[in-house]
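Here's the structure we're looking at; comments come further down.
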Amino acid sequence: VNPKAYPLADAVLTEKILELVKQAVSYKQMKKGANEATKALNRGLAEFIVMAADAERWRFCCTCRCYARTKMCRMCLSDPR
């Protein structure tokens with residue numbers, strides 16, 4: 001996990017996020033990948049973005065985090081599972 005990962009979800013919140021992600025997948029509302037997340041932010045469709053805290057392209061994570069703030073979208077970094 002990258003030490004710059006902020007806001008990093010704790011164990012309890014990670015479990016809740018995992019349940020939320022499973023529910024979104026079952027309703028086919030889940031977008032996967034950096035490009036899809038950016039497109040959803042641009043179109044105003046994204047309400048919550050979850051990224052893995054050990055992402056290799058850390059610069060993109062930082063850019064996406066700043067962009068999510070300007071679009072008033074919630075974002076959280078989670079333990080990679």
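Within segment 47-81, the residues that satisfy the criterion of being in contact (Cβ under 8 Å) with a residue 40 or more places away in the chain and assigned to a loop (DSSP other than H, G, I, E, B) are ALA53, ASP54, ALA55, ASP79, PRO80, ARG81. On inspection, LYS31 passes the criterion of being farther than 16 Å from LEU77 by Cβ, at pLDDT below 85 and touching a Lys or Arg at 6+ places or on another chain (Cβ under 8 Å).
Of everything listed in (1) modelled with pLDDT of 85 or more; (2) open to solvent by 60 Å² or more (accessible area, probe 1.4 Å), the single unmet condition for ILE49 is (2).
For segment 12-46, a tally of residues being in contact (Cβ under 8 Å) with a residue 60 or more places away in the chain and open to solvent by 50 Å² or more (accessible area, probe 1.4 Å) returns 2.
The values are calculated or read from the model by the stated rules, or taken from the named source; none is laboratory data. These numbers come from a predicted model, not from an experiment. Neighbour counts are summed over all protein chains in view; Cβ atoms, including those assigned to glycine, are modelled from backbone coordinates with ideal geometry. Areas reflect the complete protein model, heavy atoms only, side chains present, ligands, DNA and RNA absent. Shrake-Rupley method; radii C 1.70, N 1.55, O 1.52, S 1.80 Å.
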